[in-house]
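First the structure, in the form of structure tokens, and then the observations on it.
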Amino acid sequence: MSDQAPGWKDLPIGGVIDHAGNSFEYETGDWRAARPTLDKNKCIDCLQCWVFCPDGSILVEDEKMAGFDYQHCKGCGICAHTCPVDAIEMISEEKVGEVEIDEWGVKKSSPPEKGDQG
Amino acid sequence: MALNLKELSKKPELLSPGHRACAGCGSVIAIRQALMAVEGPVVVGFATGCMEVSTTIYPYTSWRIPYIHDAFENAAATISGVETAFRSLKKQGKIKGDMKFIAFGGDGGTYDIGLQSLSGALERGHDFLYICYNNGAYMNTGIQRSSATPFCAATTTSPAGEVVPGKAQFPKDLTAIVAAHHVPYAAQASPHNWRDYIGKVKKALAIEGPTFINVIASCFRGWRTEPTTSIDIVKMAVETCFWPLYEVENGEYKLNYKPKEKLPIEEWIKVQGRFKHLLDEKYKPLREEFQANVDQEWAALLEKTGDQVQKVAV
């Protein structure tokens, strides 16, 4: 979020938004009360979480579930609820420090192992 | 080629995150999945409603594709104009290539306020797809009843109290109304069955002429459910046959899904706070009336489609 809204002199003529999709700059992640975390050992990369996420906050790299976009994830928990193998766990934002996760929400105790990817 | 999430996930996300829809919003899931079906240039028109408001809060927009919002009642008229302008420019040789046109509206902007403009656009035969994301009330302005609100649902303008048990009327059958315009394609879908829904959007976009998809979208605020269950709850609407998945292609009805075991409507209503009052023993006759209506509509649909399930061919 910007600290200071632009003044009227800074606005484009007609109030045009000249950057398509600039809501990306607005970080809805700070609405979150609980964050999803991923156990990569359990994940089967079915991408059900991705297709049902209202906020496009499931990161997919090379067809694999890669973690969460915490800048925009609102913590609704649909991903954890729809995951068929319970690989996603919601953790209260208050308790985030108690679980070791990387910046994308992948649990460090569970590095992906070959052969587990189905 | 069958739809596959791994392939779909490689496509660019057309709706940027950072929109201000509620956490766990079912409508935005319906919009996002529809956009997954898009290939090539597209223009989106939007009626006023939750999704219009939450995706375009100035000075931000979530749309990475050309987008036009006009008013509540005229999404279909507006997209008609855009489509006609495109056709004219193409005819004059001022623009090349092809373009798809999609109008979105909620049930308020489609069943009620925008019905005349939708009907007009369908009759004129513009080449566009209209998607109604149906969450069964005016959720954006604070959960007022619409003509899509289910029987006995409590809303702020049809509250359940001592005397009145929520909305007194059954919802109108908009998909049938659209089909009665003899459009090439009209369908009902649900985001929980993404393969069916995205397939329908792909199919509708490939058809020349006016096409229509009515997609059920949960609203945990209005339905009084848990945000985590936004997908379960629409699945249950399909499993109870409250929201059958079917399509009408050139007048031919096709059933796309038939529950193995048709669940009683109580299974759907008991998990939603808007129907909480209905669980009272004194309202048993109303529950029976609700069930009888669902059974009647389902039987009428089976009459038209036949018993055979036909998957959406993409």
Restricted to the protein assembly as shown, the DSSP antiparallel beta bridge percent, nearest 5, is 45
Relative contact order as a percentage, segment B:15-305, C-alpha pairs under 8 Å and 6+ apart, gives 17
For segment B:222-269, the dipole about the Cα centre with charges only on Cβ (Lys and Arg +1, Asp and Glu -1), to the nearest 20 debye, works out at 40
The relative contact order of chain A, taking Cα pairs under 8 Å that sit 6 or more residues apart, comes to a percentage of 33
Given a Förster distance of 22 Å, the FRET efficiency implied by the Cβ-Cβ spacing of B:Lys311 and B:Lys11, rounded to the nearest 0.05, works out to 0.50
Interchain or sequence-distant (5+) residues whose placed amide H lies within less than 5 Å of the amide H of B:Ala103 are B:Gly45, B:Leu129, B:Tyr130, B:Ile131
Plugging the Cβ-Cβ distance of B:Val164 and B:Glu303 into 1/(1 + (r/R0)^6) at R0 = 25 Å yields, to the nearest 0.05, a FRET efficiency of 0.15
Relative to chain B, whose Cα atoms define the longest principal axis, helix B:230-239 and its Cα axis are tilted in degrees, nearest 10, by 70
Given unit charges at Cβ for Lys, Arg (+) and Asp, Glu (-), the dipole magnitude of chain B about its Cα centre in debye, nearest 20, is 940
The answer for the net charge of residues other than B:Ile207 whose Cβ lies under 15 angstrom from its Cβ, with Lys and Arg +1 and Asp and Glu -1, is -3
Ignoring ligands, DNA and RNA, the residues of segment A:60-99 whose accessible area with a 1.4 Å probe is reduced by 40 Å² or more relative to the chain alone are A:Glu63, A:Lys74, A:Cys76, A:Ile78, A:His81
Filtered hits (aspartates and glutamates, Cα-Cα < 12 Å from A:Lys64, offset >= 8 within chain) -> A:Asp45, B:Glu7
Taking every alpha carbon pair in segment B:211-276 and sorting the distances into 10 angstrom bins from 0 up to the bin holding the longest one, the percent per bin comes out as 20, 46, 26, 8, 0
For chain B, the longest principal axis of the Cα atoms and the Cα long axis of helix B:26-36 enclose an angle in degrees, to the nearest 10, of 30
With Rh as the Kirkwood radius over Cα pairs, segment B:15-305 has Rg/Rh of 0.97
GNM on chain B, Cα springs under 10 Å; top mean-square fluctuation among B:Phe242, B:Phe212, B:Phe128 goes to B:Phe242
Rounded to two decimals, the Rg over Rh value of the protein assembly as shown from Cα coordinates and the Kirkwood Rh reads 0.97
Whole-percent carbon and sulfur contribution to the accessible surface of segment B:165-314 (1.4 Å, no ligands, DNA or RNA) stands at 51
Among beta bridges assigned by DSSP with both residues in chain B, the antiparallel ones amount in percent, to the nearest 5, to 30
For the pair B and A, the solvent-accessible area buried on both sides (1.4 Å probe; DNA, RNA and ligands excluded), in Å² to the nearest hundred, is 3200
For chain B, longest principal axis from Cα atoms; helix B:75-91 axis from its Cα atoms; angle between them, nearest 10 degrees, is 20
Cβ-Cβ cut-off under 11 Å around B:Ile113, Lys and Arg +1, Asp and Glu -1: the net charge is -3
Quick calc: nm separation of the 7 Å Cα→Cβ label points for B:Glu226 and B:Asp98 -> 4.5
To the nearest 20 debye, segment A:27-98 has a Cα-centred charge dipole, built from +1 on Lys and Arg Cβ and -1 on Asp and Glu Cβ, of 160
Burial-style ranking of B:162-174, B:19-31, B:52-64, A:72-84, average other-beta-carbon count within 10 Å with highest first, yields B:19-31, A:72-84, B:52-64, B:162-174
Those residues in segment A:27-59 that give up at least 30 Å² of accessible surface, probe 1.4 Å, once the partner protein chains are present instead of the chain by itself are A:Trp31, A:Leu47, A:Trp50, A:Val51, A:Phe52, A:Pro54, A:Asp55, A:Gly56
The aspartates and glutamates whose Cα lies under 14 Å from the Cα of B:Lys167, excluding any fewer than 8 residues away in the same chain, are B:Glu289
Once Lys and Arg are counted +1 and Asp and Glu -1 for all other residues with Cβ under 15 Å from that of B:Ser230, the total becomes +3
Per residue, accessible area of segment B:15-305 with a 1.4 Å probe, heavy atoms of protein chains only, in Å², comes to 38
Rounded to the nearest 0.05, FRET efficiency between A:His19 and A:Lys108 (Cβ-Cβ, R0 25 Å) equals 0.10
Whole-percent carbon and sulfur contribution to the accessible surface of segment B:73-147 (1.4 Å, no ligands, DNA or RNA) stands at 54
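The values are calculated or read from the model by the stated rules, or taken from the named source; none is laboratory data. No experiment lies behind these values; they were computed from the predicted model shown. For neighbour counting, all protein chains shown are included, and Cβ atoms are generated from backbone atoms with ideal geometry for every residue, glycine included. Keep in mind that these areas ignore ligands, DNA and RNA; they rest on the heavy atoms of the full protein, side chains included. Shrake-Rupley method; radii C 1.70, N 1.55, O 1.52, S 1.80 Å.
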